[in-house]
1. What nm distance separates the two modelled labels at residue 65 and residue 405, each placed 7 Å from Cα along Cα→Cβ?
2. Length gain on complete extension for the stretch residue 311 to residue 111, per 0.36 nm per residue less the alpha carbon to alpha carbon distance?
3. If you average the C-alpha positions of the stretch 265-322 and of the stretch 218-261 separately, how far apart do those two centres end up, in angstrom?
4. In percent, what relative contact order does the chain have, based on Cα pairs under 8 Å that are 6 or more apart in sequence?
5. How large is the helix-only mean residue ellipticity at 222 nm for the chain, computed as the sum of -39500 (n - 2.57) over DSSP H runs with n ≥ 4, divided by its residue count, in deg cm²/dmol to the nearest 500?
6. I need the fraction of alpha carbon pairs in the stretch 149-259 separated by more than 19 Å, rounded to a whole percent.
7. Testing the spin-label approximation: label points 7 Å from Cα along Cα→Cβ at residue 253 and residue 174. State their distance in nm.
8. Taking 22 Å as R0, compute the FRET efficiency from the Cβ-Cβ separation of residue 44 and residue 92 and round it to 0.05.
Amino acid sequence: MRGIQTLIVALTLVPALIGGMASAQNQGEFFQRDRNTAVLERSRNEFIAPPARHGAFHVKAEAELGLASDSNIFATTSNEEADVIASFRPSFGAESTWSRHSLTASASATRREYLDNTSESVWNAEAGVIGRLDIQRGFFVDVAASAEMLTENRSSAGAAALSAEPIEYDTASIAAGVTYTTGRVRVNGAIDVHTSDFEDAALAGGGVADQDFRDYTETRISARVDGAVSPAVAVFARASSNQRDYDAPAAGLANRDSDGIVVEVGVDFDLGGQARGSVAAGVLEQKYDDPSFADIDGASYNAEVEWFPTELTTVTVSATRAPRESAIAASAGYTETQISGQVDHELLRNLILSGRASFGDDDYSGIDRSDERFELVASATWLMNRRVGVQASLTRLDVDSSGAAARGDFDSNVARISVSLRM
């Protein structure tokens, strides 16, 4: 596979990036990134319910009750349909208290009940477990597994806007990774396997939209080497290779199997009292087995930088560019570009105000279509006491779809308020 060959070449060149750093055996914590604390990370023990102790585990439980008003629940260009949605989300989490090794587990379920359009009401659920085996200082193994039962948002591409009811799908993932740190050098390798299985969609106008062409298994192998320039700055190189295998295509549809590679170099830093972040750039390629699908290639970047103008304010800017799988039969994939900025401000110890603006562009391969998304979100979180919290938000979404295969433009306004009850 071409991607694997490129991955091997990239990893053989990585040591040159960090030069002789491996010879430095200073055991200082070169890779700690705790010199700054973001507003949303700050400990507020006086407003957080302590976990219950059950044997060697700390256990937390929470229930969230919400009410939202959506001006365009079907994401349509005209004849917009508004509705009020009540939601209920119980969640559970457990974390080990062992001195070595760790194990965490979580599970949640979400019910969204539409008061007028009851056919839109859905259940979603997810569960996961993460384990860590400490071999020795600076050497550990991570394993993780998760499963989800989800429904597609009406604003998604493909048949989501045409189906009589939201499209259901299941995902499952397993992953394992190894991390080794010595002096100024840290090495990480990982493998993960992800599957997605979509249910067929009954169309609002009659008939069924077969979604089996979207069912696939992705296997991804990644490696990364970091070299610390100082306790506050490190450079790194990383590469990942993916193999996406689809189930047998339906009659008349091409095979969507593909192999991909991403190679990036970057820097991560934590400058006390100023900024913290990670910035990486490189190249990507997703090559499809069937020549009828156009390959995806070009620049790759992944960045997130936090700026701390004061102890009470955090400004976060992020940007990504990556290949994604398409929900449209005529296009195997698209390149997603996402840029966002967020400001979090601690007005009071227990009152946090946030504002976020984001822009996204989905450029489809093989068809003439590009979807641009603009989103604005304003929210407030009020921690009343250790057991009760209230959150309110306003969201504005505008989607501009262009090209011969475009869907209609649409916009929506969502106002939401929720109450969290912590056990």
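Computed from the coordinates by the stated procedures, all read-outs in this text should not be read as laboratory data. Predicted, not measured: the structure shown is a model, and the values here were computed from it. A quick note on method: Cβ atoms are made from the backbone with ideal geometry, for glycine too, and the neighbour counts reach across all protein chains shown.
1. That separation, rounded to one decimal, is 4.7 nm.
2. Details: separation 200, 0.36 × 200 = 72.00 nm, distance 3.72 nm.
68.3 nm is the gain from fully extending residue 311 to residue 111.
3. 15
4. Values: 1162 pairs, mean separation 59.6, N = 423.
Relative contact order, the chain: 14 percent.
5. On the way: 1 runs with 17 residues, N = 423.
Helix-only estimate at 222 nm: -1500 deg cm²/dmol.
6. Working: 3737 of 6105 pairs.
For the stretch 149-259, the share of Cα pairs beyond 19 Å comes to 61 percent.
7. Here the answer is 2.6 nm between the modelled labels.
8. Details: r = 21 Å, r/R0 = 0.97.
For residue 44 and residue 92, the calculated efficiency is 0.55.
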